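Trainee: Shown below is the structure under consideration.
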């Protein structure tokens, strides 16, 4: 992992960005050589296509390359620096394929209203960029998005994680963060995430303009405010939702480029991007694939393709999807016994402890799903019809969205129906896709939080932009209505972001030094001794050690390999005590598993270098079963089998005695 000063993340970000474009350019040329050139299209498309294709292909290639390097046990900084340099060489060789000036011209606003919209968008982007320079404190970042990449780098390989449910998800986004953490700090990961978010917005602008010129900046702002102020707020957190949304809008854009003369490259690109989305987040099959398939089939029929040819294109699309998802299927099958772990755990049973973790997750989702009959009867006993209970649950989600500022959920539902009825630009497949993802969210994914649905928001923003543009264009007060929408969006953005900054205690000042970041982190620490405990850990624990963290959460900044569990999992010491029916033999089992040290966190509390931000619950989710989270081992066992090295508040570092 990098030891460079924090400010070095800024030039490193530029190098990583160019590296992704370099690999994307290489793969684009290989595909064009085998499939034929990209359809010429309009001048804007000629400028935009290389950039969008480069980002999609480059990010996906680097993700899978890092996965392969990690599987081979070669996750060393020098190796990943070599990956960076190679990508930069490819960029320099193909830099003429990226017409930056023409790209900028293609994205410039038309008219005074769009200038106003563009200034709004630029302000929000810059504020989000500012928020990237805050330290890593997001709950999901600390749980797995950035913690697992750091642990992989410490171990120099990708390994099985029976202790962490989230460590067995598809990890395309996390492989990019692994790449970044080998070069810089968590700030570099946030900068890359910000860049992927900006690229998603560029894709929305380009695709909306391709379908309806006046809808571009409307769609961009609708997405930017709804997602940027609710799900991707500043201070920004590195996650997987934005990369997944990026692959959706890129796939839609390439599908929109299909013609009878040049369909191979766009169709293959759509399949590749869908496969990369599957390897990024498990929600992709529900919210990314259906709209891409509907638009792919619809585009084929609109362009006069035969049913047989359209079916062939669809088959290629699905084969590419499965092929690019296969590495993660193989990884999960080898590590957990379930290729789709933790889903379908009854169809693909896993060995212990994976089986118990998946079972607890299944019970949680079954219990909290408001479409579950028993749960429905308890929550909505006054409602007799199943459909009325479904609507009641959906209404609660709508209320949450509107209260938080996510108006796209309800707005897109109405405007998708309007676009379908009035046959507006974009074609019926686009509006059908918008309605279809709503139905999936309503009937299949109802147990999950609204944020999971936000990966489909690029599609919904495009739909809303097109319908509103056509409505405004038919009115005499066209410009006034657009400005009014912009003012409302701007006010919403300022209100939501101001409220959020107040809650997290940030005044908008960027933290560009390590000292400023450490001062910021002090607000999340229970006791000053906690900071010293983790700071001195490398002095007490040699490289190559393997730590068992009992009661520890979020070990992002631990510079040694550590095994600690998340909220679904049973503590390993508790598990071993139960299996061995006592503490006899536990020390030997720990030695056999390779552990050299213990960190014990007292009072069943979350003790880690720094806690999550104050908006996140500190309670286990779901609530643990009785006996799952037990206290420390007895003093007699600790005295017989361990040696106390250091303490900090309610933390103890102990070395296991040699057997």
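The values are calculated or read from the model by the stated rules, or taken from the named source; none is laboratory data. Bear in mind that the values here come from a model prediction, so they are computed numbers and not experimental data. Note: ideal-geometry Cβ built from the backbone for every residue, glycine included; neighbour counts use all protein chains shown.
Quick grid of which residues meet (1) within 17 Å of residue 242 (Cα to Cα); (2) free of Cβ contacts under 8 Å to residues at least 24 places away in the same chain; (3) more than 29 Å from the chain's Cα centre (by Cα):
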{"position": "26", "(1), (2), (3)": "no, no, no"}
{"position": "34", "(1), (2), (3)": "no, yes, yes"}
{"position": "45", "(1), (2), (3)": "no, no, no"}
{"position": "60", "(1), (2), (3)": "yes, no, no"}
{"position": "64", "(1), (2), (3)": "no, no, no"}
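Trainee: Being in a helix (DSSP H, G or I), touching a helix residue (DSSP H, G or I) at 6+ places or on another chain (Cβ under 7 Å), over 28 Å from residue 388 (Cβ atoms) and in the same structural domain as residue 217 (by TED's automatic domain parsing) is the requirement here; does residue 431 meet it?
Mentor: Details: in a helix (DSSP H, G or I): yes; touching a helix residue (DSSP H, G or I) at 6+ places or on another chain (Cβ under 7 Å): yes; over 28 Å from residue 388 (Cβ atoms): no; in the same structural domain as residue 217 (by TED's automatic domain parsing): yes.
In short, no.
Trainee: What's the number of the only condition in (1) assigned by TED's automatic domain parsing to the domain that holds residue 473; (2) over 25 Å from the mean Cα position of the chain (by Cα) that residue 492 fails to meet?
Mentor: Residue 492 satisfies every listed condition except (2).
Trainee: Which of the residues that make up the stretch 486-522 are assigned to a loop (DSSP other than H, G, I, E, B) and more than 23 Å from residue 406 (Cα to Cα)?
Mentor: Those that are assigned to a loop (DSSP other than H, G, I, E, B) and more than 23 Å from residue 406 (Cα to Cα): 507, 509, 510, 511, 512, 513.
Trainee: Of all the residues that make up the stretch 140-165, how many are under 19 Å from residue 232 (Cβ atoms) and assigned to a helix (DSSP H, G or I)?
Mentor: Narrowing the stretch 140-165 to residues under 19 Å from residue 232 (Cβ atoms): 140-146.
Then keep just the ones that are assigned to a helix (DSSP H, G or I); that gives 140-145.
The number of residues fulfilling the criteria is 6.
Trainee: If you check residue 82 against the conditions, is it over 19 Å from residue 276 (Cβ atoms), assigned by TED's automatic domain parsing to the domain that holds residue 209 and part of a helix (DSSP H, G or I)?
Mentor: Values: over 19 Å from residue 276 (Cβ atoms): yes; assigned by TED's automatic domain parsing to the domain that holds residue 209: yes; part of a helix (DSSP H, G or I): yes.
Yes, satisfied.
Trainee: So, one more: If residue 321 meets every condition in (1) at pLDDT 95 or above; (2) not assigned by TED's automatic domain parsing to the domain that holds residue 212 apart from one, which number is that one?
Mentor: Status for residue 321: all satisfied but (2).
Trainee: Here's a follow-up. Out of all the residues in the stretch 512-524, is one or more at pLDDT 85 or above and surrounded by fewer than 18 Cβ atoms within 10 Å (Cβ to Cβ)?
Mentor: Just the residues of the stretch 512-524 that are at pLDDT 85 or above, to begin with: none.
No, the conditions are met nowhere in the stretch 512-524.
Trainee: State yes or no: is residue 182 within 24 Å of residue 557 (Cβ to Cβ) and outside any helix (DSSP H, G or I)? Lay out the reasoning, then the answer.
Mentor: Details: within 24 Å of residue 557 (Cβ to Cβ): yes; outside any helix (DSSP H, G or I): no.
Against the criterion (within 24 Å of residue 557 (Cβ to Cβ) and outside any helix (DSSP H, G or I)), residue 182 does not qualify.
Trainee: So which residues in the stretch 229-244 are modelled with pLDDT of 90 or more and either under 22 Å from residue 468 (Cα atoms) or not in a loop (DSSP other than H, G, I, E, B) (or both), if there are any at all?
Mentor: 241, 242, 243, 244 - these are the residues of the stretch 229-244 that are modelled with pLDDT of 90 or more and either under 22 Å from residue 468 (Cα atoms) or not in a loop (DSSP other than H, G, I, E, B) (or both).
Trainee: Among 146, 108, which is surrounded by fewer than 22 Cβ atoms within 10 Å (Cβ to Cβ) and either under 23 Å from residue 508 (Cβ atoms) or touching a helix residue (DSSP H, G or I) at 6+ places or on another chain (Cβ under 9 Å) (or both)? Before the answer, list the steps.
Mentor: Numbers: 146 fails: surrounded by fewer than 22 Cβ atoms within 10 Å (Cβ to Cβ).
That would be 108, the only listed residue that is surrounded by fewer than 22 Cβ atoms within 10 Å (Cβ to Cβ) and either under 23 Å from residue 508 (Cβ atoms) or touching a helix residue (DSSP H, G or I) at 6+ places or on another chain (Cβ under 9 Å) (or both).
Trainee: Within the stretch 450-473, can one find any residue that is on the phi > 0 side of the Ramachandran plot, surrounded by 16 or more Cβ atoms within 10 Å (Cβ to Cβ) and in contact with a helix residue (DSSP H, G or I) (Cβ under 8 Å, 6 or more places away or on another chain)? Step through it out loud before you land on a result.
Mentor: Of the stretch 450-473, the ones on the phi > 0 side of the Ramachandran plot are none.
Checked against the condition, which is being on the phi > 0 side of the Ramachandran plot, surrounded by 16 or more Cβ atoms within 10 Å (Cβ to Cβ) and in contact with a helix residue (DSSP H, G or I) (Cβ under 8 Å, 6 or more places away or on another chain), the stretch 450-473 yields no hits at all.
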